[in-house]
Every structure is written in structure tokens, then in C-alpha cells.
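J.: Sharing a structure here in C-alpha cells format.
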Amino acid sequence: MKEIDELHLSEPGLVVFDIAAADEETAHQVMAELGRRWATSGVAALRRDPGAPGVRARVYADTRRAGAEEE
């Protein structure tokens, strides 16, 4: 996975979530729930790393801004 860009953490309230889950459905559920709580980069593409179990994704969020459910 790429290095986290300084821009994504340039202010208080900005976070980067690296998600690891056993399956795609679980990862999608987690990303959707993050999007309901906070403004996020959305449901990210999933990847499988050779030799590692499950799937992985990265989501960027701004915890200062409400997500879809809070609007």
C-alpha cells in the first residue's frame, strides 16, 4: 500500500483507516458505516495481498464533518 500522504493528515480531525477484513462483505459494511458517521472518501477498492489472509482497503475521513446519516 502507498505511503500515507502528509496532506491526508494536515489538520486535526483528518484520519486514515487501513481496513483488514476476512471477506469483502465485511469490509464493505465497515466502510459504509464509517461513511454514515463521518465524511469519507467512500467505499474503496479492495485488494488481496499474496500470502496474507482476507482483504484490505484504505479510507480517508474528516471527523469534523458529518456523514450521510447525520445530514
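J.: Return the residues of region 48-58 that are within 13 Å of the chain's Cα centre (by Cα) and of a type in the set (D, E, K, R); say none if nothing qualifies.
T.: Correct list: 56, 58.
J.: So, one more: Please determine whether any residue of region 28-44 is open to solvent by 70 Å² or more (accessible area, probe 1.4 Å) and over 13 Å from the mean Cα position of the chain (by Cα).
T.: no
J.: Continuing with this model, one more query. Give, as residue ranges, the strands (runs of 3 or more DSSP E) completely inside the chain that count at least 2 residues that are of a type in the set (Lys, Arg).
T.: Hits in the chain: 55-66.
J.: What are the pairs with Cβ atoms under 9 angstrom where one residue, in region 15-40, is touching a residue at least 24 places away in the same chain (Cβ under 8 Å) and the other, located anywhere, is among the aromatic types (Phe, Trp, Tyr) and assigned to a strand (DSSP E or B)? Sequence gap at least six, or different chains.
T.: 15/38; 15/60; 16/60; 17/60; 31/17; 34/17; 40/17; 40/60
The values are calculated or read from the model by the stated rules, or taken from the named source; none is laboratory data. Keep in mind it's a predicted model, so treat the numbers as computed, not measured. We place every Cβ from the backbone using ideal geometry, glycine too, and count neighbours over all the protein chains shown. SASA here: full protein model, heavy atoms, side chains in, ligands and nucleic acids out. Shrake-Rupley method; radii C 1.70, N 1.55, O 1.52, S 1.80 Å.
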